[in-house]
Structure formats: C-alpha cells, structure tokens
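Asker: Handing you a structure now.
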Amino acid sequence: MEIKIRRKKKAGQGIKKAAPKIEFIGTGCTAFDLALSGKGRRGGFARGRIANIVGDGSTGKTLLALETAAWCYHNIKKVRSKIFSPVKKMSIVYNNVEGVMDFPLETMFGRGFSRSIEWIRISTAEAIGRDLQRRVKAMKKGDFFFYVCDSWDGVKPEEEVGRFEKEARTDKKISDGYGLSKQQYVGEFFRNITDTIYGDEYSTTYDYQTNQKDVTLLFNSQIRQKINATKFEKQVYRVGGKAFDFWTHQVAWLYRAGKIQPEKKGKKVTIGVKVRAVIERNKCAPPWKEAKFPILFDYGVDDLGSMVDFVCGPQAKGFRWGDIKEARKESFISAIEDADLIDDFRVHFIETWHKIEDSAKVKRRPKYDEDNS
C-alpha cells in the first residue's frame, strides 16, 4: 500500500520573492563592502548609481577606484543579476584627470586589465558631460558601463581655459565670474546624466527595473581645508557643493589612520598605510558605518589582513582560527593562504561582523502591527 505523506508548508513557502531593488559591485575589500552595503558577498558600491570617494592625499582614493574597476573586469560577466540583463559588452572607462598613474597595474590586477580599460583624460566639466552623455545614450541591452572620474578637483570649466589663454596673451588678469561656472554646471550635469541613465521621466509606462541602463559612476574628490571653521564645524570639505550631496547615493570619506612600519634589522620600514573609511552618506544601506583596512604599496588593499585585524584584533598577541594557530599576524595570513582557506575565513569574518551589528540593534515592537490592528 502506497502511503502519501502530506508535509506542512513552511512559512513563506510558495510565495514568490520580489526582485531586489539594489545590487552591488565589489571594491576588492570585504570590510569596505560591508560598510557600504551591509553585504560581504556581492556587496560594495551600488550598481547603477552614483558614488563618491573623498579623502586627503595617500588615503587610497585612486587605489579603491582601481580595485573596483578590477573587480568589474574579473567578475561582472559572472554575476547573475535580477535587475540588469546579462552582460554581453563590458566598458570600463577611467578618466585620469590628474594625468598620472604610477601603479604597477599588471602586477596588481592581472594581465589584460590595463589593456582592457579605456584610459582617457578629459579635464573640462562640459566635455566630461558631453562624453558621458554620448556613451550612455549609445548603450544597448546587455551593455555594462563603469566610469571613474579621478578626480573632480582637477576638472575645470571650459571658460576658465579660454580665460587663462587670454590672460597669457594680454598679460592681464581677468576675474569676471572666476571659479563659479564649474560649481554652477555640476547640478546641470547630474540632472541630465541621471535622466539619460534612468530613462524618460515623463513616460506613463516608466519602470525602474526595465528603463534603467547599467551605468555606475564613481567620482573621486580631494578634501579641502575649511578656512575660519569653528570647533563645532567639520574642518574639511570637498568640491562639488550641495549638488554632490544631493545626487550621489554613497559617499565614503577616507582618513589616514597611520603607517604600516614593520621593523627590519632594527629599522622601521614603511610598506603601507592604514585607512579608516566612514560612509557619511548612504541611500542604499544604513549610513555612518565604518571600515578599517591596510593598503600595501604595489599590492593594493590587504583584504585578508583587514579581516584578520577585525576578527583577532590588530594588536593581538596570538592568532588562532580552527586548527591554525600562529604567534605572528603574517604567519597566520600565510597559513590561511597556503591552506586555501581565504573564502572560509571570509565567511567567518562576515558572520562575526553581522553578529556585532545585530547585537547593537535596538529591539522594539513594530509601530504598526497589521495582524492586531
């Protein structure tokens, strides 16, 4: 006799899950991904949005932009997106406004990376706007576009170029409106480029999921010292004004937290810097999250090192995880790498991060309980 067993459905079983509203692209640093998105895997900068990295010199702005570009180059075609079409054509454009790039790119990010990126140098705000507008309008279904502007501080208005040349010819200073046209253009630039990315705002059939183009923009900014700031004000600011505050979805401020100086033969040797990232604006996850990570010269972000620091403590006297036990941090990292356990340790790190975050959450009853209303 055949016996049929009726299994009780679990809560939520059979209910179709809604597609996610936000997906992310990695930054090469798991701690930074978590701070930006709350996700360690498939976290990072919001895909299809506008992000801004702000920091002083030698805080890793350019390096993080390169790390993100490298992540896109190596991974974006493997991602199964629930929002965007499968990537058929990948375009990564790096607008190196500052004109200098001294990193050993092939050593750091693999062969083919530097040849696959389109390196350009467009230094006027209006020309950047025109170039971006043309590129985005030409995109088709299945096109992925990641654009870096490094940095916005090096961008100037076109009228400034003409004024500078005229001053050189006439040997006279022309100060009419000097420095204001760039600031005025920022709002216009973002308004128009977002309309192009997100589709026709006047369409009666507008659908965020289907109209948006797969475009992610990342702008780097240098901090400036605020003159006559009171002790209650922030002492630094970044160029771009309120338009950058309004149009960006994620803004990460980077601070140099110290140098990495191991002692070799009685001498301290500087091999990198410690960075603290604070997500001061975030429309995609809770803001004001922090991440700390080391950056090693000619290597990049030390992702595993940052995870070890978080789990074990940067000043730990001993390092232990599972069967691995070492007295020194470098030996501990080498043991994880040699055992091919980086992904396993990353899972442990992410779980530890979430446990700490969950323990800090305020436990309150819902304001509106529909079942008991």
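Read-outs throughout are calculated quantities, based only on the coordinates presented, and are distinct from any laboratory measurement. This one's a predicted model, so the numbers in the text were calculated from it and none came from an experiment. A quick note on method: Cβ atoms are made from the backbone with ideal geometry, for glycine too, and the neighbour counts reach across all protein chains shown.
Asker: Ranked from highest to lowest mean number of other Cβ atoms within 10 Å per residue, what is the order of the peptides 335-343, 273-281? Walk me through the numbers before you get to the answer.
Answerer: Numbers: 335-343: 13.2, 273-281: 19.3.
Descending mean neighbour count gives 273-281, 335-343.
Asker: May I ask which of Lys39/Lys213; Lys289/Lys355; Lys82/Lys367; Lys77/Lys213; Lys78/Lys292 have a Cα-Cα span longer than 21 Å here? Before the final figure, lay out each step's value.
Answerer: Values: Lys39/Lys213 23 Å; Lys289/Lys355 15 Å; Lys82/Lys367 31 Å; Lys77/Lys213 16 Å; Lys78/Lys292 28 Å.
Among Lys39/Lys213; Lys289/Lys355; Lys82/Lys367; Lys77/Lys213; Lys78/Lys292, the Cα-Cα distance tops 21 Å for Lys39/Lys213; Lys82/Lys367; Lys78/Lys292.
Asker: Arranged from highest to lowest average of other beta-carbon atoms within 10 Å per residue, in what order do the peptides 104-111, 70-77 appear?
Answerer: Working: 104-111: 14.4, 70-77: 18.1.
Top to bottom by mean Cβ count within 10 Å: 70-77, 104-111.
Asker: Something else about it: Pull out a ≥ b ≥ c, the square roots of the eigenvalues of the alpha-carbon gyration tensor of the range 303-358, then state rounded if a/c is under 1.5, prolate if not and a/b is larger than b/c, and oblate in the remaining case. Don't skip to the end; give the middle numbers.
Answerer: Details: a/c = 1.99, a/b = 1.33, b/c = 1.49.
Oblate, because a/c is 1.5 or more while a/b does not exceed b/c.
Asker: Here's something else I'd like to know. Taking 0.36 nm per intervening residue step and subtracting the Cα-Cα distance, what contour gain separates Asp340 from Lys268 on full extension? Walk me through the intermediate numbers first.
Answerer: Numbers: separation 72, 0.36 × 72 = 25.92 nm, distance 3.08 nm.
Taking Asp340 through Lys268 to full extension adds about 22.8 nm, to one decimal.
Asker: Same structure, new question: If we count every other residue with Cβ under 13 angstrom of Ala335's Cβ, Lys/Arg +1 and Asp/Glu -1, where does the sum land? Mind dumping the intermediate values first?
Answerer: Values: positive: Arg320, Lys325, Arg328, Lys329; negative: Asp323, Glu326, Glu330, Glu337, Asp338, Asp340, Asp344.
The answer is -3.
Asker: Another question, then. Separation between the Asp245 and Thr107 pseudo-spin-labels, each 7 Å from Cα along Cα→Cβ, expressed in nm?
Answerer: With each label placed 7 Å out from Cα toward Cβ, I get 4.3 nm.
Asker: Also: Express in nm, to one decimal, how much length is gained between His354 and Val311 on full extension, taking 0.36 nm for each residue of separation and deducting their alpha carbon distance. Each step should come with its number before you reach the end.
Answerer: On the way: separation 43, 0.36 × 43 = 15.48 nm, distance 1.19 nm.
Once the chain is fully extended between His354 and Val311, it gains 14.3 nm.
Asker: Residue separation times 0.36 nm, minus the C-alpha to C-alpha distance between Val100 and Ser85: what's the value?
Answerer: Working: separation 15, 0.36 × 15 = 5.40 nm, distance 3.48 nm.
This chain segment gains 1.9 nm when fully extended.
Asker: I want the local charge near Cys312. Using Cβ-Cβ distances under 12 Å, sum +1 for each Lys or Arg and -1 for each Asp or Glu among the other residues. List each step's numbers first, then the result.
Answerer: Working: positive: Lys317, Arg320, Lys325, Arg328, Lys329; negative: Asp309, Glu326.
Once all neighbours under 12 Å are counted, the net charge is +3.
Asker: Can you give the FRET efficiency to the nearest 0.05 for Ser116 and Lys141, using r as the Cβ-Cβ distance and R₀ = 35 Å?
Answerer: Numbers: r = 21 Å, r/R0 = 0.61.
Computed FRET efficiency for Ser116 and Lys141: 0.95.
Asker: Another question, if that's okay. Does a label point 7 Å from the Cα of Arg328, set along Cα-to-beta-carbon, have any residues of the range 246-274 with amide nitrogen under 18 Å, and which are they?
Answerer: In the range 246-274, the label zone of Arg328 (backbone N under 18 Å from the point 7 Å along Cα→Cβ) covers 260-272.
Asker: How big is the gap, in Å, between the Cα center of the range 272-325 and the Cα center of the range 345-361?
Answerer: 13 Å
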